[in-house]
Amino acid sequence: RVNVPAVYRWGTLEPGGALERAASGRSVAEARKWLTDPAAPPILLLRGVTHVLKSTIAAACVRAAIEQGQDASFVLAVDLMPLGERPTEEQRIRLGDALHCVRPGRRLVAIDDIAKVLGGATAESGIAAFRRGHLCAAIHRLWQSKTKLVVTTDLENRSTAEHRRPGIVELLGEDVLSRLTDERSATVVRLERRGDAKR
């Protein structure tokens, strides 16, 4: 079973490697420290706008865990969604693979791009409520089984009028936000575009 998508396999957490040179700030070093520190909180939240290498760093964490002999997997949040009335064979396979990835007993799971759970639906719609319910259930199962969790998102904590996008609270609820951002339960790394970084 291939646990790291091919598009992200170039990235590693190696000090001074290509990913560390390409990503902003100390993001790769912080991810490496989170992964290797036994006292680190169980969640790594990678935040930032599109194209700042959040997904690549998440995949690199999965790769490093696998190389250390751990049972780890990378899953797209959108693949965890329930299927429609007439799912294609590809959709059924993707859902089956995604559910396999988040089964209890994994040592580490990366859930990539939680905003994609909306799939174009508005945050207030019944479709969104149905989909996010499934994603929340998967996240809670992982927490209950004490799985280390990497989450990537470009969402802010709450919706903003300027961006007209839901925040994590509107998407997944206050309880999930509190776990994802509390310093005792999560390490939060904010990535920026290289030109925007002031470091």
Using the scaling law 2.2 N^0.38 Å as the reference, what is the normalised Cα Rg of the range 117-199? 1.20
Helical mean residue ellipticity (222 nm; -39500 (n - 2.57) per DSSP H run of 4+; nearest 500) of the chain: -11000 deg cm²/dmol
For the chain, what is the accessible area per residue in Å², given a 1.4 Å probe and the full set of protein chains? 53
Just the number, please: carbon plus sulfur as a percent of the accessible area of the chain, 1.4 Å probe, no ligands or DNA/RNA counted. 51
What three numbers, in Å, describe the spread of the alpha carbons of the range 41-199 along their principal axes, ordered from the longest? 49, 44, 28
Can you work out the PRE-style zone for Arg184? Point 7 Å along Cα to Cβ, and I want the residues of the range 29-69 with backbone N under 13 Å. 41-42
May I ask you to derive the relative contact order of the chain, considering only C-alpha pairs under 8 Å and at least 6 residues apart, and to give it as an integer percent? 29
Among the aspartates and glutamates, which fall within straight-line cross-link reach of Lys33, defined as a Cα-Cα distance under 18 Å, with same-chain neighbours fewer than 8 residues apart omitted? Glu14, Glu20, Glu67, Asp182, Glu183
Other residues with Cβ under 14 Å from the Cβ of Asp113 give, with Lys and Arg +1 and Asp and Glu -1, a net charge of +3
In a GNM of the chain with a 10 Å cut-off on Cα contacts, which of Ala121, Ala39, Ala59 has the highest mean-square fluctuation? Ala39
Once fully extended, how much extra length lies between Asp71 and Ile93, figured as 0.36 nm per residue of separation less the alpha-carbon to alpha-carbon distance? 5.9 nm
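The values are calculated or read from the model by the stated rules, or taken from the named source; none is laboratory data. Just so it is clear, the structure is predicted and the values come from calculations on it, not from any experiment. For neighbour counting, all protein chains shown are included, and Cβ atoms are generated from backbone atoms with ideal geometry for every residue, glycine included. Ligands, DNA and RNA are stripped out before the accessible areas are found, and what is left, the full protein with its side chains, is counted by its heavy atoms. Shrake-Rupley method; radii C 1.70, N 1.55, O 1.52, S 1.80 Å.
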